[in-house]
Amino acid sequence: MSRESEPLLRALNRMRSVILDPDQLVKAVASGKQRGSAPKWRRAEIRYVDLKAGRHLQITTYDATQAFTANHPVGDPTALDDLLDVPFANWVVTTATEQTQIQAKSPTTALVSTTELTAPVEAERGHDQAKERLLPESDPVFRVLGLSDKDGRLKPSRQAKYRQVEEFLRQLDAALTDAMKSGKVRTPTAEEPLRIIDLGAGNGYLTFAAQRYLTEVRELPVVVTGVDVKEQSREHNSKIAAELGVHAEFVAGTIEGVQLDEKPDVVLALHACDTATDDALARAIEWEAPLVLAAPCCHHDIAAQLRKAPTPAPYSMLTRHGILRERFADTLTDALRASLLRLSGYRVEVVQFVESQHTPRNTMLRAIRTGSPVKGGSVKKEYDELVAEWGVRPKLGELLAETTGARSSGELARPLAPSEGVTARSAER
């Protein structure tokens, strides 16, 4: 093995020529971050694949929760050059006969190590690779829930639901790992299990999958409580829990009315309709829940207010057409929710829950409690100005004002005439 120090740019340029040669490259992997940097991606993988349209350079990038794959024509260096600009700490490039590692020691210098392989490595050019599943489709939970048949095969009509469950588990896994590493969520024990409450549990697909994954795969002691306004949901989910033999309790009642003996560690609000999501977020804040995952369903409340309030100039094009007004209402609602969570002491990320071709309800608010609101007044100022500009009254702002007395120290919601009431209930999950 040879090892030497050289300028980082020179090492990357030499590696670039190897990656762009489809006859040489087996695989290239980039990971880590250079000191003092914050790269967009935590990892990248590069290889060549053979498609119907011919051989392409496949680049897969990973953020904190998801993988993004794109295929590029051979000879086009644009995507690779963009990736080389990312301040990764390590590059490992494998050819048929050797492996080279480039370790960035500073923004300008690198330690380069080259190792001869003991046996030739053959490149895998296949495009379709089996993706590792957090819960395989043959898992008993999917059979009981009706997603798989008695032989453990996924039903064709339930593929979208299975994909939704899988992506939710990835979000939950990443968020819980982050919260536990930072000490925001305690390490559960048999005496003090992880307490999860699902507000607006619906038919419980995501609820049961979450419990199954956390108990069977991550081996964490977990207790689940599911709340839904419909008695039918309580009966259905209680029957499923008994069949699976899991520690879960389901109650029929409203989100604002549920009472708990002990505060939850994790609050889920997954596809609760309209202002039911606001009810759930308000209860999570009231309980000081360390981790909150909310995937809103519909956003009728703000949309109804936008129809009544005059649109501020020069934004009339955003609300002139019904479909655009509805989409803008979605974005505005979740932006205001994220701001209110930050003002309530949470670190918030708004992420894609699942690709839009599988479900239009693909936004998730992922919040970890820090214990203190954001410093400075910029977030509060931006929130107040946005609410005033559009003449809306966010439901979550009203709920927080009622429960915390925020109106006496600065309103979180601008008072307007009441908007049209919208019934909030749980959608099928």
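Quick note: the coordinates plus some simple rules give every number you see, no bench work behind them. Since we're looking at a predicted model, the values are computed, not measured. Methodologically, a virtual Cβ is constructed for each residue, glycine included, from the backbone with ideal geometry; neighbour enumeration extends over all protein chains shown.
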Taking 0.36 nm per residue of separation and subtracting the Cα-Cα distance, what length does fully extending residue 20 through residue 317 add? 102.4 nm
Scoring the chain by relative contact order with C-alpha pairs under 8 Å, at least six apart, yields a percentage of 12 percent
Taking θ as phi - 60°, what are the ³J(HN,Hα) couplings along region 80-91 by the Karplus curve (6.51, -1.76, 1.60), each to the nearest whole Hz, with x for Gly and Pro? 5, 4, 4, 6, 5, 7, 6, x, 5, 8, 9, 10
With N denoting the number of residues in region 120-185, provide Rg(C-alpha) divided by 2.2 N^0.38 Å, to two decimal places. 1.50
By the mean-Cβ-within-10 Å protection proxy, highest first, 340-349, 241-250, 21-30, 192-201 rank as 192-201, 340-349, 21-30, 241-250
Among the listed pairs 181/263; 150/239; 40/105; 181/381, which have their C-alpha atoms separated by more than 22 angstrom in this model? 181/381
In vacuum, with every alpha carbon of region 1-152 counted as one equal point scatterer, what does the Debye formula give for log10 I(q)/I(0) at q = 0.14 Å⁻¹? Two decimals, please. -0.75
Degrees separating the helix 322-343 axis from the principal Cα axis of the chain, which is the longest one: 90 degrees
Antiparallel content of DSSP bridges confined to region 227-364, in %, to 5: 20 percent
In nm, to one decimal, how far is the modelled label at residue 218 from the one at residue 230, with both set 7 Å along Cα→Cβ? 2.8 nm
Under 15 Å, Cβ to Cβ, from residue 108 - net charge with Lys/Arg +1 and Asp/Glu -1: +1
Seen from all sides and averaged, what is the projected area of the convex hull of the Cα atoms in region 241-314, in nm²? 7.4 nm²
For a quick protection proxy, order the peptides 331-338, 31-38, 81-88 by their average other-Cβ count within 10 Å, most packed first. 331-338, 81-88, 31-38
Taking H as built 1.01 Å from N, whose amide H comes closer than 5 Å to the amide H of residue 194, not counting residues under 5 places away? 189, 222, 223
Hey, got the dipole for the chain? About the Cα centre, +1 on K and R Cβ, -1 on D and E Cβ, debye to the nearest 20? 620 debye
Under 20 Å Cα to Cα from residue 155, which lysines show up? Leave out anything in the same chain fewer than 8 places away. 131
Using the Cα atoms as the points, what is the convex hull volume per residue of the chain in Å³? 198 Å³
How high is the relative contact order of region 1-158, in percent, counting Cα pairs under 8 Å that sit 6 or more residues apart? 25 percent
Helix 231-244 sits at what angle to the longest principal axis of the chain, using alpha carbons and giving 0 to 90 degrees rounded to 10? 40 degrees
Can you tell me the length gained on complete extension of the stretch residue 244 to residue 74, counting 0.36 nm per residue apart and subtracting the Cα distance? 56.2 nm
Would you mind putting 366-378, 155-167 in packing order, based on average other-beta-carbon counts within 10 Å, highest first? 155-167, 366-378
If the chain between residue 349 and residue 335 were fully extended at 0.36 nm per residue, the gain over the current Cα-Cα distance would be 4.0 nm
If N is the residue count of region 269-390, its Cα Rg over 2.2 N^0.38 Å rounds to 1.09
Apply 1/(1 + (r/R0)^6) to the Cβ-Cβ distance of residue 113 and residue 133, taking R0 = 56 Å, and write down the FRET efficiency to the nearest 0.05. 0.95
Using the eigenvalues of the Cα gyration tensor, what equivalent ellipsoid semi-axes result for region 288-334 when each is taken as the square root of five times the eigenvalue, whole Å, largest first? 26, 11, 9
Quick check on the chain: of the DSSP beta bridges with both residues there, what percent are antiparallel, nearest 5%? 75 percent
Can you check what the net charge comes to around residue 48, using other residues whose Cβ is under 14 Å from the Cβ of residue 48 (Lys, Arg +1; Asp, Glu -1)? -3
What do you get for the angle between helix 378-390 and the principal long axis of the chain? Use alpha-carbon atoms, 0 to 90 degrees, nearest ten. 60 degrees
Residue 60 versus residue 308: modelled label distance in nm, points set 7 Å from Cα along the beta carbon direction: 5.0 nm
Just to be sure I follow: if Rg is taken over the C-alpha atoms of region 70-122 and Rh is the Kirkwood radius over the same atoms, what is Rg/Rh? 1.04
Quick one: what do you get for region 1-63 if you divide its Cα Rg by 2.2 N^0.38 Å? 1.32
So if the hydrodynamic radius of region 193-277 is defined as the Kirkwood radius over C-alpha pairs, what does Stokes-Einstein give as its diffusion coefficient at 10 °C and 1.306 mPa s, in µm² per second? 124 µm²/s
Classify region 138-273: rounded, prolate or oblate, from the alpha-carbon gyration tensor (a ≥ b ≥ c, eigenvalue square roots; a/c under 1.5 rounded; otherwise prolate if a/b is larger than b/c)? oblate
